[in-house]
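The structure under discussion appears below in the form of structure tokens.
Quick note: the coordinates plus some simple rules give every number you see, no bench work behind them. Quick caveat, the model's predicted, so the values are computed rather than measured. Cβ atoms come from the backbone with ideal geometry, glycine included; neighbour counts cover every protein chain shown.
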Amino acid sequence: MDYKNNILSRFGDNGAKQPLFMPDIDLWYRWHTARGTLPPGLEKSSLVEIARELNCPPWVVVTPWQLEFQGIEVTREEVDQVRTIEYHTSAGTLTEKWSLGVDGDWWQSEYPVKKVEDLDAAEILINAKTYQMDSKISGFEPNNPEIIDVAKLPMSAYADMLHTVIGFSEGFMLLLGAGKERLTEMLTIFEKKRQKYIHDIASLPTSIILAPDNLDGQYISPKVFKDHFLESYQEIAKVLHDHDKKLLVHVGGNCKHILPLFAEAGIDGVLGVSGPPQSNATLAEAREIAGPGLTLWGGITQDYLVSTHDETFLEKAIEEAMTSAGPDQRTIIGIADHVPVETEFARLKKVAALINGDV
């Protein structure tokens, strides 16, 4: 099946009218592959083979760059299910910590910047942080109509600072108060460095470019979006569009209040659309808010794939997603925002079968 053209058509006005289900199984697949816990009969399957088992397009994300810290020493240690990473700068050492959760995954519990005194070292860290294009990059299959291969951008400067440098507690308060001016200067520096790679990424042999920014409405207000994301997306979108590429942005959490700004930003599509309890905009609501030109991907809350939720919630979500997607040629039904590692594979197969009309 020509999945690639089917997906790309949904970034325009000529999308297929039949609902299409495309789950992002990358996280789920990598997690279970590493632990040898893929479903029975699929233990040695590739991600593409799992997608074929579901009768769905394989969504394959390729990272064409490597993160490096130039001029500073980075040390890593794991003891008693705690991973510690230290960044040794001339202005002091910044420390981040990760804890091994009950699900077997690592969760960040401490971020490098916690207080005003960390800002000198943080500035050195930001200046040292760089992305190098991977000279050995592989994984793209531009002539394979069955695979949707995508290149991933580095996170936007503001999103990167939230998710990797200051976090969402003590460090975040600096951004609202005593450290605001200095952190804003660092954002400008980092964004300029990041923009250098956009032309290289735009030249890669793929039609979709993913911005993995995880825009969480709890921390991204319309003002923050306008101040720290709008111009960046506009510049990136212009370069990508000149190369006949589409810009897809990942959202996490509530997004209703920033969706109206996406069209102005030049964004072509949004990944992670969902109603409660995961987010606050169903596919139908997102379409009304965002306007007709934005491609929507999502509609089914990831929680409903887990056994702790009654399957009736999943069935209702499928029905609502299909109703919204039916007449909407710019919609892709998916699990918002990815298939969780705790997913019951039987439920995932049920979603695929119902939407694909295989039952």
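Classify the range 146-204 as rounded, prolate or oblate, taking a ≥ b ≥ c as the square roots of the eigenvalues of its Cα gyration tensor: rounded when a/c is under 1.5, otherwise prolate if a/b is larger than b/c and oblate if not. The shape class here is oblate. Specify whether the C-alpha gyration tensor of the range 67-169 places it in the rounded, prolate or oblate class, a ≥ b ≥ c being the square roots of the eigenvalues: rounded for a/c under 1.5, otherwise prolate if a/b is larger than b/c and oblate if not. It comes out prolate by the Cα gyration axes.
Shape class of the range 60-122 from the Cα gyration tensor (axes a ≥ b ≥ c, square roots of the eigenvalues): oblate, since a/c reaches 1.5 or more and a/b does not exceed b/c.
Only helices enter this figure: runs of n ≥ 4 DSSP H residues, each worth -39500 (n - 2.57), summed and divided by the residues of the chain, yield -10000 deg cm²/dmol at 222 nm to the nearest 500. Scan the range 69-177 for trypsin sites (Lys or Arg not before Pro) in coil per DSSP, keeping those whose Cβ has at most 16 other Cβ atoms within 10 Å, and list them by number. Taking the range 69-177 and a limit of 16 other Cβ atoms within 10 Å, the loop trypsin sites (Lys or Arg not before Pro) found are K115, K136. Here the label points at E285 and K349, each 7 Å from Cα along the C-beta direction, are separated by 3.4 nm in the simple model. Distance from the alpha carbon centroid of the range 97-116 to that of the range 34-95 works out to 15 angstrom. Within the set (i) 1.44; (ii) 0.96; (iii) 0.94, the number that Rg/Rh (Cα atoms, Kirkwood Rh) takes when calculated for this structure is listed as (ii). The H on the amide N of K246, modeled in the peptide plane, is under 5 Å from the matching H of I208, I209, each at least 5 residues off or on a different chain. Mind checking the range 49-150 for GluC sites (Glu not before Pro) that DSSP puts in a loop (not H, G, I, E or B) and that have at most 15 other Cβ atoms within 10 Å? Here the GluC sites (Glu not before Pro) that fit, given the DSSP loop and packing criteria, are E146.
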